[in-house]
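Each remark here refers to the structure printed beneath this line.
Nothing in this text is a laboratory measurement; each read-out follows from the coordinates by a stated rule. Quantities reported herein were computed from a predicted structural model and do not represent experimental measurements. Using ideal geometry, Cβ is built from the backbone for each residue, glycine included, and neighbour counts are taken over all protein chains shown.
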Amino acid sequence: MILQEHIDFLKELGCDERQHEDRTLFEHLVKTSKNLEKNGAPQYIQDAGLFHSIYGTASFMRKKGMIGPEDRQKIKNMIGEQSEELVWWFCKLERPRRQNILYMEEGKLKDDLLFLDTYHQEELESRRVMTWEEAYNI
């Protein structure tokens, strides 16, 4: 479940005005979180999905108005320490992210990052599938 305070916070940062491929960053964040929810992720991973690029990532660089590492406590207070740690690592990992996650030490953090990355990638790939109408101009 996505809390209204989280939506309000992301919109205050301007995530609903930043382009992310063919939609806004806000739409991508929400769809990633919803995708995690649909696939049985615990709430802390859903929250991490909603905030997964809040610090900027290797492919989506931090821009004016976005949160920096100096504001980690603010994010911890908002989504919890466990969620924020996933967000922090997700943002820090260089591409190829999945490969770098696989190099990590075995444990819960690695497992949670793999789960988050799987459904983040699924959300990205779902946008790249053309409908029959688009493919054949019908």
Rh_Kirkwood(the range 4-127) over Cα pairs, Å, one decimal, evaluates to 14.4
Ordered by fewest other Cβ atoms within 10 Å, a rough proxy for footprinting exposure, Leu3, Leu13 read Leu3, Leu13
Expected vector for the range 16-21, Karplus 3J(HN,Hα) from phi with 6.51, -1.76, 1.60 and θ = phi - 60°, integer Hz, x for Gly and Pro, equals 7, 10, 8, 6, 9, 6
Ordered by fewest other Cβ atoms within 10 Å, a rough proxy for footprinting exposure, Thr118, Thr32 read Thr118, Thr32
Taking placed amide H atoms and a strict 5 Å upper bound, the residues 5 or more places from His20 or on another chain that come that close are Leu25
For Leu3 and Met104, extending 7 Å from Cα along the Cα-Cβ vector and measuring point to point gives, in nm, a value of 2.3
Once phi for every residue in the range 108-115 is put through the Karplus expression 6.51 cos²θ - 1.76 cosθ + 1.60 (θ = phi - 60°), the whole-Hz ³J(HN,Hα) values, with Gly and Pro written as x, are 4, 4, 4, 4, 5, 5, 5, 4
